[in-house]
Amino acid sequence: MALTSEFRVGDEVAEALALGRPVVALESTILSNLGLPTPHNRECFDRCDAVIRSAGAVPAVTAILDGCATVGLTIDEVERVLSADNKVSARDVAVAVGLGWEVGVTTVAASCMLAARAGVAVFATGGIGGVHRGAELSGDVSADLGAIARYPVVTVTAGAKAFLDLPRTVEWFDTLGVPVLGFGTDNFPAFYSRSSGVSVPHRVESAADVAAIVGAMRRAGERGGVVVANPIPAVAEIPAAEIDPVIVDALDAASAAGVTGAGVTPYVLEAIGAATEGRSIPANLALAEHNAAVGAEIARALAVS
Ligand code: PSU
Ligand code: MN
């Protein structure tokens with residue numbers, strides 16, 4: 001395993017990879033205050049970490065630490081991420097490494113890059129970025145989509161937040177040739193809600209199904225990624241009718257504040273969180289934990305296939 005001052009795989013993760021044991025990558029933006037307020041970000045980490053371990057897999061948080069792209073943070077290193085707010089997407093990784101940023105928290109795009117470099121096949125997040133509403137004017141399409149298409153990693157996500165343009169997000173995956181697999185569902189999930197009403201092209205019922213599809217891709221020499229669209233557990237769901245007005249307000253606030261580019265997602269997340277704290281945060285934690293659990297199942301299925 002490459003071990004340089006610019007790239008490092010944590011000891012526990014390196015050992016698991018060497019032994020062919022299941023590993024699940026986790027992003028760090030969701031663990032920072034750009035994704036979740038304190039102390040809920042720590043609870044998110046604790047629950048994802050515990051559920052992955054109890055399924056017999058090893059968690060691998062990704063981040064840039066002291067200019068080193070790192071896959072598999074220690075607890076002390078996770079502490080540094082919890083209070084960080086330097087967002088690192090695909091375009092930022094080389095900048096954060098080259099200029100030696102103290103802490104950079106990785107988005108889905110950057111996490112897929114780093115997971116692929118380490119040889120980690122499965123990555124669990126909360127929700128991916130996507131095509132923003134109004135992208136036909138702003139051009140704001142998350143780098144998450146291109147990175148998922150490019151790197152050989154399975155991304156487990158609760159769909160994407162309904163502040164995005166979900167029909168166009170699903171269309172982009174078609175354009176990029178990425179299989180989007182509804183995990184026990186025919187619909188692309190809308191993060192807090194189990195369905196967006198947008199159909200997914202394919203439905204799977206199990207981790208074994210996902211492993212069979214990934215196996216077919218890899219045997220064919222295909223290097224790209226796969227999206228596993230995993231709905232929030234029903235008990236934690238917030239109905240679309242309840243969350244949609246909050247989203248409209250949050251988008252209005254972002255545009256009134258003149259927020260653009262990489263600032264949009266954190267701004268909108270914070271506005272939704274502030275407006276619905278009692279409901280949205282437990283939902284966010286429940287879906288992240290569920291994605292981590294399904295990610296661990298898929299990593300296990302891939303390890304034996
Ligand atoms: N959606 C969420 N929570 C998050 C994010 C998205 O519900 O924390 C974060 C993820 O790290 C995702 C990033 O990769 O926002 C997307 O940012 P952008 O839209 O700037 O690409
Ligand atoms: Mn963007």
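The values are calculated or read from the model by the stated rules, or taken from the named source; none is laboratory data. Being a predicted model, the structure only gives us computed values, none of them experimental. Backbone-built Cβ (ideal geometry, glycine too); neighbour counts: all protein chains shown. Ligands, DNA and RNA are excluded from the accessible area calculation, which covers all protein heavy atoms including side chains. Shrake-Rupley method; radii C 1.70, N 1.55, O 1.52, S 1.80 Å.
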inquiry  = At q = 0.10, 0.14, 0.19 Å⁻¹, what log₁₀ I(q)/I(0) does segment 160-305 have when each alpha carbon counts as one equal point scatterer in the Debye sum?
reply    = -0.40, -0.74, -1.17
key: Among Ala236, Gly258, Ile281 - extreme Cα towards positive end, dipole of segment 235-289, charges at beta-carbon   = Gly258
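Under a point-charge model restricted to the Cβ atoms of Lys and Arg (+1) and Asp and Glu (-1), what is the dipole moment magnitude of the chain relative to its Cα centre, in debye to the nearest 20? Present the calculation step by step, with values, prior to reporting the outcome.
Values: 20 positive and 34 negative charges, 157 e Å.
Using only the charged Cβ atoms, the result is roughly 760 debye.
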request  = Towards the positive end of the charge dipole of segment 7-304, with charges on Cβ (+1 Lys, Arg; -1 Asp, Glu), say which of Gly100, Gly72, His290 has the farthest Cα.
outcome  = Gly72
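Mind running the shape call on segment 14-155? Use the C-alpha gyration tensor, a ≥ b ≥ c as the square roots of the eigenvalues: rounded below 1.5 for a/c, prolate if a/b tops b/c, oblate otherwise. Mind showing how you got there, number by number?
On the way: a/c = 1.43, a/b = 1.31, b/c = 1.09.
It is rounded, given that a/c, with a ≥ b ≥ c, falls under 1.5.
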key: the chain, helix-only ellipticity at 222 nm - DSSP H runs n ≥ 4, -39,500 (n - 2.57), divided by all residues, nearest 500   = -14500 deg cm²/dmol
ask   = What is the gain in length, in nm to one decimal, between Ala18 and Asp249 on full extension, counting 0.36 nm per residue of separation less the C-alpha to C-alpha distance?
value = 78.3 nm
ask   = Taking the chain on its own, what percent of its Cα-Cα pair distances exceed 32 Å?
value = 18 percent
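For the chain, what's the relative contact order in percent, using C-alpha pairs closer than 8 Å and at least 6 residues apart?
Once normalised by length, the contact order is 20 percent.
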task = Please give the residues of segment 108-133, grouped as numeric ranges, whose backbone N is less than 14 Å from a label point set 7 Å along the Cα-to-Cβ vector of Arg223.
result = 113-114, 116-119
message = Leaving ligands and nucleic acids out of the surface, order Arg80, Arg279 by accessible area at 1.4 Å, largest first.
response = Arg279, Arg80
R0 of 51 Å, Cβ-Cβ distance Glu136-Glu43: FRET efficiency to nearest 0.05 = 0.85
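How much accessible area per residue does segment 7-304 have, counting only protein heavy atoms and a probe of 1.4 Å, in square angstrom?
Each residue of segment 7-304 exposes 39 Å² on average to a 1.4 Å probe.
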request  = Quick one: dipole size for segment 198-286, taken about the Cα centre, charges +1 on Lys/Arg Cβ and -1 on Asp/Glu Cβ, in debye to the nearest 20.
outcome  = 560 debye
